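One structure is given here, and the rest of the page talks about it.
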C-alpha cells in the first residue's frame with residue numbers, strides 16, 4: 001500500500017476506499033474535484049452543479065443533478081432527497097460508474113448490473129413510488145428531445161407510448177383489455193434491459209485525471 | 001424424414017449434373033476457340049478458290065469470347081455456392097470459403113489435366129475489381145459504435161501487431177535460412193522482411209468469410225475485423241518500403257524515418273481522400289429527390305473513385321474506401337428514398353458475395369496453375385512462425401492494452417483474436433507482385449500454404465472451438481425503442497458525469513462531435529426537414545416504417561399475422577378521473593348509417609393507426625379482397641401519411657389526427673353491438689371488421705370503459721382538448737365520419 005504513504009494524514013480514505021471500491025489515488029483526485037466544485041466548502045449544493053459550464057448543454061442535466069441529491073443512491077436504503085451532500089455521498093454516487101474488475105465471478109457481475117440499473121431506475125422514477133409511470137417515461141423522452149428545435153409533443157408522446165407498450169408486452173405477456181398496466185417496476189426494468197450489457201457500458205474512466213488543470 | 005432426404009438428393013443430382021455439363025462446356029469451348037481460329041484461316045484460302053454459299057448459321061466465338069468466359073466463370077462460381085447451400089449438413093462443418101477453394105482446386109486440376117492454360121488471379125484484376133466491393137460492403141455497414149469505442153485497441157493491434165509480426169517472422173526466417181544453408185542461403189534479409197510483410201497481414205476477406213458464419217459477439221468481431229481493415233496502411237507502407245530497399249540495396253536511418261513519415265501520410269491521406277469523396281457523395285445525395293433511380297449509383301461511384309484516387313497516390317485504398325462509406329452513410333441514408341436504400345444494401349451485398357466467391361475459386365485455380373518451388377523447411381517454418389508470432393503478439397499487446405481499457409479482454413477473447421488472424425487472397429496477390437523471381441516461387445508456395453492452413457484448418461476448427469469455450473455469441477434480438485432510448489440516455493448521462501468529474505474523456509469529445517455535426521454539417525448535407533430531426537425520432541420513424549411494411553405485406557399474402565401479445569394501447573393509458581360515459585348513446589338508425597359508412601371505408605381506415613403500436617397486429621379481413629393495385633396504392637398512401645404525421649407539427653387538426661380519431665371511433669361504434677350480438681359482424685357477407693375488434697368485444701363487456709379510454713386518448717391526440725364534453729365527442733364523431741370520403745358528408749350533415 002504505497003499509495004497510503006503518498007497521501008499522509010488521510011485515514012478516512014481507508015474507510016471510503018473500502019466502502020466504494022475506489023483506490024486512494026482516485027479518491028484523492030475526486031476529493032480535489034469536490035473541493036473545486038464546492039469552492040472549498042464542506043458540502044455541495046445544487047447551485048454548484050449548475051455552475052459547471054459543460055453541463056449546460058446536456059439535455060438531462062436536471063435529472064443528473066437530482067441523482068446526486070437522491071437518498072436512494074447513497075446505498076443506505078434511504079428515501080427522499082437532500083439539499084446538500086458531503087464528499088462521502090459524492091463518492092458513493094460516483095461509485096455507481098466504476099467498471100467491473102477483470103476477475104469477478106458471475107454473481108458479482110450480476111450484482112453490479114443490478115446496482116447500475118437501480119441507479120438508472122431511480123433517475124427515471126422521480127416521485128419515488130417504485131414504478132415508472134407513463135407520465136414519468138414521457139418526461140424522460142421529452143427531456144431527451146428537449147434540445148432539438150422541432151419538438152412535437154405528440155411525437156415524444158407516441159415514442160414513449162410505444163416504448164411503454166413494449167415493456168408491458170415483455171413483462172406481462174397477456175393482459176385483459178380492461179386491465180391497467182401501472183408502470184414499470186424494477187423487476188420489469190431488469191427484464192427489459194436484459195440484453196443491454198450495462199456493466200460494460202455505464203462506466204467512467206477514473207484514472208489519469210488531473211483535474212487541477214481542467215478548472216473552469 | 002426419408003422423403004426430405006430423397007427430395008434433397010433429387011435436387012442435388014440435377015445440380016451436380018448441371019455443373020458437370022457446364023464444366024465440360026467451358027473446357028470444350030476453350031479448346032474449340034483455338035480450333036476456330038485455325039479454321040478461319042483455312043476458310044480464307046478456300047474462299048479465293050470458289051464462292052461460298054450464303055451462311056445461314058455460322059459460328060463466331062471469338063466475337064464474344066471475353067465476356068462469355070467471364071460470365072461463365074461467374075455463373076459457375078455462383079452455382080457452386082448455390083450447391084453448397086442445398087446440400088444439407090455441409091454448411092455446419094465446413095465454412096464456405098474452404099469449399100470454394102476446394103472447387104477452385106478441382107477446376108484448376110481439370111483444366112491443367114486437359115492441358116489448357118488456367119486463368120490466374122491477376123493482381124490487377126484482384127485489386128481493382130474483386131477487392132473494392134467487399135471492402136465497400138464492409139465499410140458501409142460497419143457498426144460505428146463498437147468500432148469507435150474500441151478504436152484504440154483496434155489501432156494497436158493493427159499497427160503494432162502487424163509490425164511485430166513482420167519483423168518477427170522476417171527476422172526468424174532469415175535466421176533459419178542462414179542456419180539451413182543450401183538452397184536458402186541466397187536469401188537476403190530484405191527479401192525476408194518483404195516476405196514477412198506479405199504473410200503477416202490479417203486478411204479482411206478471409207476474416208469476413210469465416211466470422212460471418214460463427215456469429216461471435218460484437219466486440220470480438222469488430223476487433224478482428226477492424227484490425228484486418230486498418231492494417232492495410234501498414235502493409236502498403238512496409239511493402240513499398242522493402243520493395244524500394246531491395247532495389248536500392250542499402251538502408252539508411254533517413255530511409256527508416258521517411259518510412260515512418262510515409263506511414264502517417266499513407267493512412268491519414270487515405271482517410272482524407274475517402275472523407276472528401278464521402279462528403280461529396282453526401283452533398284450530391286441532397287439533390288437527388290427528383291431522380292431517385294440513380295441514387296445508388298452515386299454511392300457506388302463515389303466510393304469507387306475514392307478507392308482509385310487513393311491508389312493513384314499509393315495511399316491506402318482500403319482505408320479510403322472505409323472512410324468514404326462511413327462518412328457518407330448517415331447523410332445518404334437520411335436523403336435517399338427507402339427503395340434506394342434497399343437497392344444500395346442489396347447491390348453491395350450481391351457484389352461482395354460474388355467477389356468473395358470468385359476470389360476463393362481463383363485462389364484454388366491459381367494454386368494448381370502457378371509455378372511452385374516446394375521447400376519443406378521453409379514452408380513449415382513459415383507456418384509455425386505465423387502461428388507463434390500471432391499468439392505472442394496478441395498476448396503481449398493485450399497485456400498493455402488492458403491497462404487502458406475499461407472492459408478488459410479475457411483470456412478467451414485473446415484466444416479468439418489470435419486464432420482469428422486469417423491470411424487470405426491479399427497476401428497471395430501481393431506475393432504475385434514480387435519481382436525477384438528466384439525467390440518468388442518459393443515465397444509464393446509458402447504464402448499459399450499459410451493461406452490454406454489458416455483458412456482451412458483454422459476456419460474449420462474455429463466454430464467448434466467457439467462452442468467449446470462457450471464464447472459469447474451475438475445477441476439476436478432486434479433493436480427496440482427502449483434500448484435506443486436508454487442508449488441515448490446513457491450517452492448523455494455519462495457525458496454529464498464526465499463533465500462533473502472534470503474529465504475530458506471519450507464521451508465528452510463524442511458529445512462535442514455530435515453537437516458540431518448537428519449544428520453545422522447536417523444542415524449542409526441533408527435535404528429538407530430531415531436535417532433537424534433528432535436521432536431518436538429518425539430511429540422511431542424507421543421502426544414504424546418497417547412495421548407498417550410488415551403489416552401491409554402480411555395483409556397481402558393472405559397469411560394471418562399472429563397477435564404478439566394482447567397488450568394494447570388501452571392497457572397503458574391512464575384511466576381518466578371521471579368514469580362516466582363520455583359517449584352518448586346513438587339511435588339505432590344512426591348506428592346503421594355509421595356502420596354502413598364505416599364499413600365502406602374500412603379499407604382505408606384499417607391501416608391508419610394500428611401500425612403505431614407494435615404489439616397488437618391484427619388479423620386482416622381483407623386479404624382475399626385486396627387486389628394488387630389497391631394494395632400498392634394503400635402502401636404508398638400509408639407511407640406518405642406516416643411521414644406526414646411524424647414530420648409535420650401536430651397542431652393540424654384536420655387530416656392525420658382525425659383519422660386516428662376515426663379509427664378509435666370504430667371501436668367505439670362496434671362495441672355498441674355487444675348488446676345485440678358479439679358475433680354479429682362476422683356473419684355479414686360484406687367485408688367484416690377486423691377480428692381483433694371482435695376479440696375485444698368478446699373479452700370485454702364493459703365496453704364503456706374502453707371506449708372512454710379511447711375518448712381520453714383522442715383528446716390527448718387532438719392536442720389540447722382537455723375535457724370530454726359530450727358535444728365535443730359528437731362533433732368528433734361526425735367530423736371523423738365525414739372525413740373518409742367527400743361523398744359521405746351529405747349523409748351526416
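The range B:136-176 and the range B:306-370 have Cα centres spaced 20 Å apart.
Let me confirm one metric for peptide B:333-340, namely the mean number of other chain beta-carbon atoms within 10 Å of its residues' beta-carbons.
0
Cβ-to-Cβ counts within 10 Å put B:188, B:137 in ascending order as B:188, B:137, the fewest first. Shape of the range B:356-397 from its Cα gyration tensor (a ≥ b ≥ c, root eigenvalues): rounded if a/c is under 1.5, otherwise prolate when a/b > b/c, or oblate? Verdict is oblate for the range B:356-397. Look at the stretch B:405-411: the mean tally of other chain Cβ atoms within 10 Å of its residues' Cβ atoms is 4. Based on the Kirkwood radius over alpha-carbon pairs, what is the Stokes-Einstein translational diffusion coefficient of the range A:121-192 at 10 °C with 1.306 mPa s viscosity, in µm²/s? My calculation gives 123 µm²/s for D.
Decide, for the range A:38-182, between rounded, prolate and oblate: order the square roots of the alpha carbon gyration tensor eigenvalues as a ≥ b ≥ c, take rounded if a/c falls under 1.5, and otherwise choose prolate if a/b is larger than b/c, else oblate. Here the range A:38-182 falls in the oblate category.
With runs of 4+ DSSP H residues as the only contributors, calculate the mean residue ellipticity of chain A at 222 nm using -39,500 (n - 2.57) per run, divided by the residue total and rounded to the nearest 500.
Taken over chain A, the calculation gives -15000 deg cm²/dmol.
Measure nothing but the geometry: give the 0 to 90° angle between the long axis through the Cα atoms of A:134-144 and the longest principal axis through the Cα atoms of chain A, rounded to 10°. Approximately 60 degrees, to the nearest ten. The angle separating the long axis of helix A:106-124 from the principal Cα axis of greatest extent in chain A is about 70 degrees.
Projected over every direction and averaged, the convex hull enclosing the alpha-carbon atoms of the range B:144-201 yields 4.2 nm². For peptide A:43-55, the mean count of partner chain Cβ atoms within 10 Å of a residue's Cβ comes to 2. Taking other C-beta atoms within 10 Å as the exposure proxy, B:254, B:391 rank B:254, B:391 from fewest upward.
Is the range B:293-361 rounded, prolate or oblate when judged by the Cα gyration tensor, a ≥ b ≥ c being the square roots of its eigenvalues, rounded requiring a/c under 1.5 and prolate requiring a/b larger than b/c? Cα axes put the range B:293-361 in the oblate bin.
If packing is taken as the average number of other Cβ atoms within 10 Å across a peptide's residues, how do B:394-405, B:204-215 rank, most packed first?
Taking the mean over residues of other Cβ atoms within 10 Å, the ranking is B:204-215, B:394-405.
Principal-axis analysis of the Cα atoms of chain A puts helix A:24-37 at an angle of about 80° to the longest axis. Protection proxy ranking, highest mean first, for peptides B:456-466, B:62-72, B:301-311: B:301-311, B:456-466, B:62-72, where packing is the per-residue count of other beta-carbon atoms within 10 Å, averaged.
Where a number appears in this text, it was derived from the coordinates with a stated rule and is not lab data. Treat the numbers as computed from the prediction; the structure is a model and nothing was measured. Using ideal geometry, Cβ is built from the backbone for each residue, glycine included, and neighbour counts are taken over all protein chains shown.
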